Each structure stands twice: as structure tokens, then as C-alpha cells.
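First comes the structure, then the notes that go with it.
The values are calculated or read from the model by the stated rules, or taken from the named source; none is laboratory data. If you're wondering where the values come from, they're calculated on a predicted model, not measured in any experiment. All Cβ positions, glycine included, derive from the backbone under ideal geometry; neighbour counts span all protein chains shown.
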Amino acid sequence: MTDRGSPLAQPLTRPSAGRIAAHLGLFLLGAVVGAAGALVQSAWFPGGLLLALAGAAGAFLGGSRATGGRGGALAPAAGWMIAVVLLTTSRPEGDFVFAAGVGSYLFLLGGMAVAVICATLGVVRQPGGPAVRLGK
């Protein structure tokens, strides 16, 4: 048996096409969840805000579990952030999605907090094999 050492000391491998497609799909899912959450959170204030944040948490944590790594939580979080930031800008006609209310700020800051929490608590790949534990 050979000791492979720390996972951080291993050479980087190219991601497979399936993994790239999964992360791209999760990125698009995050963008859709962000856009839907932006509309729902202001429609039904207390319940809509909780529903929007729960949907974001489901996308982030579900992506982490589906891919087996933290990158699965970061891909939908990036899509969510980009969609929400693009929706915060006003158009030349004066149209906007987010009003200057407490619900909008709670959605923005709460979504960022949920993304960080889900990426931190996400599944981390562990090395396998009997030589994982020291002294055995």
C-alpha cells in the first residue's frame, strides 16, 4: 500500500465534462432561484422572504450534496448573486425590482449569509482507504 499523503499535496486533475455541466446547471439554477426570490420576497412580505431564503438554501445545500463538494454550493451562489445584483440596478425608464425597504435588504444580506453558511457546511470530499488515519 502506498500512502498518497494529503489531498492538498495531490496534483490537480482536469474536471470531467459531466462535472462542468453539473456546475453550469447549478449556476443557472441559482440565477433562476435569485430572480424568483426577488419577486416572491416583496409579494408576500414575511412569508415570501422566508420562502425565498429557503429556496436559496435548498439550491446551495442541494448543489453541495449533489456534487459532493463545496463547489456545488458555490456555483448556485454565484448565479444567485449575479442575478440579484443585476436586478438591483434601475433602468433608464425608472423601473426596478427591489424597493428601498427592510425586506429587500433582508433578502440581499440573508441570501449572502445563507450562501456562506451552505458553502461552509457543505460536503467535503474525504480521502478513502485504510491509510487515512494516522497510526493504522
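The table below gives the values:
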| item | result |
| --- | --- |
| Search result, residues across the range 19-78 that are of a type in the set (Lys, Arg) and closer than 18 Å to ILE117 by Cα | ARG65, ARG70 |
| Failed item, numbered, when PHE45 is tested on (1) crowded, with 18+ Cβ neighbours inside 10 Å; (2) within 25 Å of GLY101 (Cα to Cα) | (1) |
| Leading residue by the ranking (nearest to the chain's Cα centre (by Cα)) among those in the range 69-95 that are surrounded by 14 or more Cβ atoms within 10 Å (Cβ to Cβ) and in a loop (DSSP other than H, G, I, E, B) | ARG70 |
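For (1) closer than 25 Å to PRO15 by Cα; (2) at pLDDT 90 or above, each residue gets a yes or a no:
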residue	(1), (2)
ALA43	no, no
LEU51	no, yes
ALA56	no, yes
ALA66	yes, no
ILE82	yes, yes
PRO92	no, no
ALA113	no, yes
